Amino acid sequence: MSDIIDELLHELQPSRAPTRTKVTIVGVGQVGMACAYSILQQGIASEIALVDVVADKLEGELMDLQHGLAFTRPCVIKAGTDYAITAESRLCVITAGCRQREGETRLSLVQRNVEIFKGIIPQLVKHSPETLFLVVSNPVDVLTYVTWKLSGLPREHVFGSGTNLDSARFRFLLSEKLGVAATNCHGWIIGEHGDSSVAVWSGVNVAGVTLSTLKPNLEKEAHTWEEEIHQKVIESAYKIIKLKGYTSWAIGLSVAKIVRGALHNHRNVYALTTNVKGIHGIEDDVFLSLPCVLGSNGLTHVVKQTLLPNEIEKLQKSARTLREIQQQLQL
């Protein structure tokens, strides 16, 4: 083969490997592959490593992606059940985990996923000790805490997809209500990625015009807005799962955006699950979503939002609920 290369190409100087932007994705289910496809299609990473325990499906997904490489930017794609292929990853995306069984408690689901994570996280750290972790598996807040504990990494290096997608759903629903593009409707969902999430109505604005200044009693009528919009945000995933069996594309796009920001040091602000100890009166090591600045070395800042007393109260209530679950985990 080297003879053919010599005939085909005239070497001016030896090639040199560029700065690597390698991403590992653990779990090749619907969410994991939506993440992989979005990252590949947008040309975000120079290398993607896929890891799963189901070898046949893993090989099929690998081949399917590789056969499309003629239509994308250059990218090396590898897959295997051995974590050695993840070596030197800049960022690891965790989408693996159990689905909730009918009648199963949330704590039971979490504990089953903890056992799975015990076999994943140490292996990733072993091969990529300086990696960043982006946890997507649900319940994402508790499992981000679990990842932090199992990894031994600084808390700034471990974060979850959190309410980034919830905030995008919020902005989309606001855009439908207001007749303005979602990109120009600004609002945040913070706290738990789940039923106790907090819609920060006090900060919702279009072009800097805060809705609460237009209608000062908005906070008193928040229940009306929550029924129409925030409740739809909470119910969105349930409805999609009921209709098609799973969610995938939107979370894949959300993850790709976060990964791009981290690998290329964009320092964008995302609603990510992070350790919120010392923020908004929370004094425990609890992981919840807040607006975070993300760079190539992980999370660097948490935005100090000016929240209303009722918003802080809801956030602290979420924190207490998650803390109770964390305390019952067997790590």
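The values are calculated or read from the model by the stated rules, or taken from the named source; none is laboratory data. The structure displayed is predicted, hence computed values, not measured ones. Neighbour counts run over all protein chains shown; Cβ positions are idealised from the backbone, glycine included. Side chains are part of the model used for accessible areas, which takes the heavy atoms of the whole protein and leaves out ligands, DNA and RNA. Shrake-Rupley method; radii C 1.70, N 1.55, O 1.52, S 1.80 Å.
Tabulated data for the structure shown
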{"read-out": "Residue in the stretch 155-173 that is of a type in the set (Val, Ile, Thr), in a helix (DSSP H, G or I) and within 15 Å of the chain's Cα centre (by Cα) present", "value": "no"}
{"read-out": "Number of the exception - SER38 against (1) within 28 Å of GLY298 (Cα to Cα); (2) in a helix (DSSP H, G or I); (3) open to solvent by 20 Å² or more (accessible area, probe 1.4 Å); (4) not aliphatic (A, V, I, L, M)", "value": "(3)"}
{"read-out": "Some residue of the stretch 56-63 being part of a loop (DSSP other than H, G, I, E, B), among the aliphatic types (A, V, I, L, M) and either open to solvent by less than 20 Å² (accessible area, probe 1.4 Å) or within 30 Å of THR300 (Cβ to Cβ) (or both)", "value": "no"}
{"read-out": "Hey, LEU69 open to solvent by less than 50 Å² (accessible area, probe 1.4 Å) and of a type outside the set (D, E, K, R) or not", "value": "no"}
{"read-out": "Wholly within the stretch 257-316, strands (runs of 3 or more DSSP E) carrying at least 1 residues that are open to solvent by less than 10 Å² (accessible area, probe 1.4 Å) and within 17 Å of GLY187 (Cα to Cα)", "value": "268-275, 287-295"}
{"read-out": "Long-range neighbours under 7 Å by Cβ, at least six apart or interchain, first residue touching a residue at least 12 places away in the same chain (Cβ under 8 Å) within the stretch 111-123, second open to solvent by 40 Å² or more (accessible area, probe 1.4 Å) and part of a helix (DSSP H, G or I)", "value": "PHE117/LEU150; LYS118/LEU150; ILE121/LEU150; PRO122/LEU150"}
{"read-out": "Residue, least open to solvent (accessible area, probe 1.4 Å), within the stretch 178-218, restricted to residues that are hydroxyl-bearing (Ser, Thr, Tyr) and out of contact with any Gly (no Cβ under 9 Å at 6 or more places or on another chain)", "value": "SER202"}
{"read-out": "Candidates GLN123, GLN111, filtered to the one that is surrounded by 13 or more Cβ atoms within 10 Å (Cβ to Cβ), in a helix (DSSP H, G or I) and at pLDDT 95 or above", "value": "GLN123"}
{"read-out": "Subset of the stretch 290-329 [out of contact with any helix residue (DSSP H, G or I) (no Cβ under 8 Å at 6 or more places or on another chain), farther than 17 Å from ASN164 by Cβ and not small (Gly, Ala, Ser)]", "value": "LYS304, PRO309, ILE312, GLU313, LYS314, GLN316, LYS317, ARG320, THR321, ARG323, GLU324, GLN327"}
